[in-house]
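A short worksheet on the structure shown next.
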Amino acid sequence: MSVGKRKIIFYLFIAIITVGLIFIFFNERGVIKYMDLKNRVDSIRVELENVRLENERLKNEIDSLQKSIPAKMEQIAREKYNMKREGEKLIEVEEK
């Protein structure tokens, strides 16, 4: 074999070893860490979406309660007014 062919084979061997080492390092250090971080990020996104949905539900519940408060207050005021009028009628009947 000539010296030129030996150099080419040596450089190809070095290139294959280098690519193999980069691939091993990338898989053990990069891909595994990336996948673990991706899983964590995905789980956090799911938790955030659940919190957002719960906040939306609570906001809707608060809004409906705030809408029902004036109606309830009006009903109570009407009942008090009617009780006062009935009391006045009773006093008038007792006076006669």
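The values are calculated or read from the model by the stated rules, or taken from the named source; none is laboratory data. Since we're looking at a predicted model, the values are computed, not measured. Here the Cβ positions follow ideal geometry from the backbone for every residue, glycine too, while neighbour counts run over all protein chains shown. For accessibility, only protein heavy atoms count, side chains too; no ligands or nucleic acids. Shrake-Rupley method; radii C 1.70, N 1.55, O 1.52, S 1.80 Å.
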Compute, for Tyr81, the solvent-accessible surface of its heavy atoms (probe 1.4 Å) with the complete set of protein chains present, and express it in square angstrom to the nearest 10. 130 Å²
Formal net charge of residues neighbouring Arg78 (Cβ-Cβ distance under 12 Å; K, R +1; D, E -1): +2
